[in-house]
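Working notes for the structure below.
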Amino acid sequence: MNRSSFQTQLRRSFIGYVVVIISVTLVLYLGGYALNFYTGVIVGNQENNRAMADTLADQYRNYEEGSDALARCPETRAVLTQNSVGATADLNRILYQFVNEQDFRAYFVLMTPERQVVCSNFCKENQHFFADSPFVGSVISRLQRAPDKTLTFVCTAPLTSAQECALTFCRAVTDEEGEAIGYLFFNLRKEFFRAFEHQAGRAILLTDPYDNIIYTSLDAQMDPMDKQPSGKYAVDIRQSGFRILNGAHYYIFLQQVTKDGWNLYTLTPLEVQFRTFFSDLTMFAILLVLLAGIVAMLTRTFARRNAQEIDELTRAVEVMEPDDMAPALSLQASEEAQQLYLRFRELIRHNNELQNRRRRMEIRHLEEQFNPHFVFNVMETVRYQIGEDPETASEMLLSFANLMRYSIEHADAKVPLETDVEYVNDYLLLQKIRYNNCLHYEFQIPDELLDCQIPKLLLQPIIENSIRHGSRPGKVLELSVEARQEGEDLVFVIRDNGAGIAPDRLAALNESFSLELDSGIVRHIGLYNIHKMLSLLYGASYGLKIESELGVGTRVELRMPYEMEESSC
């Protein structure tokens with residue numbers, strides 16, 4: 001398979017990164033625009049529509065209930081039957097108070113069956129226009145057929161522009177026999193609908209169940225069938241969504257306001273959003289073309305310059321000697337390249353030492369743990385226990401078999417902590433029987449750490465050293481093995497109450513960890529190998545730390561990286 005050059009790969013990578021950055025920027029822009037469009041146009045429109053619909057529903061309910069209550073109140077009947085100045089003043093006060101409590105104020109009219117105005121807050125001119133209008137005549141004829149109901153109509157009475165009305169609530173006032181003695185009208189003022197529209201910041205359309213326009217802020221030119229003067233809205237809008245009206249794009253949200261079928265439409269024009277989007281997109285495309293030209297020029301220069309340094313580093317590695325400490329790169333090479341070269345040389349030397357060390361350590365482990373003297377002691381103890389306690393002898397043989405099996409399995413590998421603990425437990429069982437139960441031990445290892453990966457035969461040399469050098473005649477040796485996690489490290493602490501180590505010997509033991517195995521000073525091979533192995537595998541900050549007091553006991557702390565599977569830290 002043909003492989004491309006490093007320079008080509010570097011150029012492709014550089015271009016790829018730039019393309020990714022541009023793509024992410026474009027996606028973020030489009031995502032931000034879509035989110036802003038959704039929240040500002042769709043959600044904003046819907047929230048405003050719901051708020052307005054709630055207010056309109058409240059007003060509808062208030063005027064419907066208020067008309068019914070005021071038509072039945074004694075003051076209203078008294079004005080129509082007695083025509084008293086005092087009764088008229090009282091009723092005017094009640095009607096004024098009622099309309100002033102509403103969000104949408106109204107002009108009220110109370111008239112006799114002969115259409116004579118008794119109470120009203122219309123001006124005199126509009127009182128006559130309203131009473132004499134065909135609209136009122138039509139409404140009265142409807143009220144005569146339903147005297148016990150409050151009716152609503154789109155107000156078409158010819159009123160002056162200062163007192164235009166949009167909607168009329170009307171109710172017949174009846175006597176005790178149910179005969180109509182007058183009519184009460186509440187005409188909602190258009191100026192409050194305009195204020196409502198201004199507060200929403202959107203065009204609105206309010207219709208009754210028959211598509212009669214109660215109020216709209218749409219232009220007359222948006223009625224293509226020229227039916228708007230007749231009070232009908234010609235454009236068929238039956239559901240919310242995006243629509244084109246008179247060549248302009250809108251988002252329209254529709255909601256029913258009352259159970260009688262009032263519908264509220266809120267319309268958000270989209271032309272500004274579209275112009276902004278396409279303007280920004282055009283600017284982005286221009287910048288993209290300019291950036292592509294700049295990247296094409298810079299990529300070639302960047303790739304050629306970095307490839308020269310890689311070529312020099314490759315040639316230096318090919319002729320590298322692990323023990324040669326002289327810098328092999330030219331002075332023009334970067335500090336990073338020089339450090340990479342030195343680090344690679346150090347890793348080769350480190351790897352060679354690690355392989356030799358682990359090989360010697362594995363052999364030494366086998367020699368120390370299962371030397372003929374240890375096997376002889378176990379066999380002698382088993383022979384003695386067969387006559388005295390066959391069950392104990394059987395347990396010893398099983399434990400010894402487990403030790404032998406573990407020593408030849410998992411060769412040169414890491415194992416779960418639980419596996420190594422089982423091995424140490426078998427080893428301690430044999431030692432406890434051998435020392436005639438003068439050995440007590442315990443493990444303090446949380447269950448969540450049992451799956452951690454550790455080097456094979458990690459704990460046994462330390463425990464063996466504690467038993468061999470800590471046991472005292474006539475004394476019970478107490479031994480504990482504790483494990484815990486500290487950040488990203490796994491820490492083992494092995495304590496005993498044995499003979500302890502003299503200060504000069506303890507200092508020499510800790511000093512030996514920094515020496516070579518062949519120096520002639522190293523005595524505790526097992527501890528030395530454990531410390532060296534951890535240092536070489538994971539770094540100088542890992543290994544053993546020994547504390548001891550003569551006649552009190554010894555504490556050995558082992559620190560290594562915490563890992564849950566076999567992988568290099």
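Observations, loosely collected:
- Alpha carbon convex hull of the range 135-185, projected area averaged over orientations, nm²: 3.5
- Förster-model FRET efficiency, 35 Å R0, Asp489 and Leu550, C-beta, rounded to 0.05: 0.75
- Arg505 paired with Glu177, simple spin-label distance in nm, labels 7 Å along Cα-to-beta-carbon: 13.1
- Sites Leu28 and Ala248, calculated FRET efficiency, Cβ-Cβ separation with R0 41 Å, nearest 0.05: 0.85
- Inter-label distance, Glu418 to Asp311: 5.7 nm, where each label sits 7 Å from its Cα along the C-beta direction.
- Å² per residue, accessible surface of the range 55-174 at 1.4 Å: 47
- Volume in Å³ per residue [convex hull over Cα atoms, computed for the range 1-81]: 91
- Estimated FRET transfer efficiency when R0 is 30 angstrom, pair Leu35-Arg304 (beta carbons, to 0.05): 0.10
- Exposure ranking of Leu450, Leu490 by accessible area [1.4 Å probe, largest first]: Leu450, Leu490
- Within the accessible area of the range 48-133 (1.4 Å probe), percent carbon and sulfur: 45
- Ellipsoid fit via the Cα gyration tensor, the range 25-150: semi-axes of 46, 16, 14 Å, each the root of five times an eigenvalue, largest first.
- Whole-Å distance, taken between Cα centres, linking the range 146-181 and the range 98-128: 10
- DSSP assigns beta bridges within the range 393-498; of those with both partners inside it, close to 65 percent run antiparallel.
- Asp148 paired with Ala69, simple spin-label distance in nm, labels 7 Å along Cα-to-beta-carbon: 2.1
- A viscosity of 1.306 mPa s and a temperature of 10 °C, combined with the Kirkwood radius over Cα pairs in Stokes-Einstein, give a translational diffusion coefficient for the range 454-508 of 123 µm²/s.
- Computed over the alpha-carbon pairs of the range 58-100, the distance histogram in 5 Å steps reads 5, 24, 29, 22, 13, 6, 2 percent, short to long.
- Difference of contour (0.36 nm per residue) and Cα-Cα distance, Leu515 to Ala51: 158.8 nm
- Atom-type composition of the exposed protein surface of the range 150-199 places 44 percent of the accessible area on carbon and sulfur (1.4 angstrom probe).
- Accessible area (Å², 1.4 Å probe, nearest 10) - Arg72: 130
- Taken per residue, the accessible surface of the range 422-487 reaches 45 Å², heavy atoms only and a 1.4 Å probe.
- For the range 245-297, a Kirkwood radius taken over Cα pairs fed into Stokes-Einstein (4 °C, viscosity 1.567 mPa s) yields D = 88 µm²/s.
- Fully extending the segment from Ala401 to Gln339, taken as 0.36 nm per residue of separation minus the present Cα-Cα distance, adds 17.3 nm.
The values are calculated or read from the model by the stated rules, or taken from the named source; none is laboratory data. Note that the coordinates shown come from a computational prediction; the quantities given were computed from them, not determined experimentally. In this analysis, Cβ positions are derived from the backbone assuming ideal geometry, glycine residues included, and neighbour counts consider all displayed protein chains. Heavy atoms of the whole protein, side chains included, go into the accessibility calculation; ligands, DNA and RNA do not. Shrake-Rupley method; radii C 1.70, N 1.55, O 1.52, S 1.80 Å.
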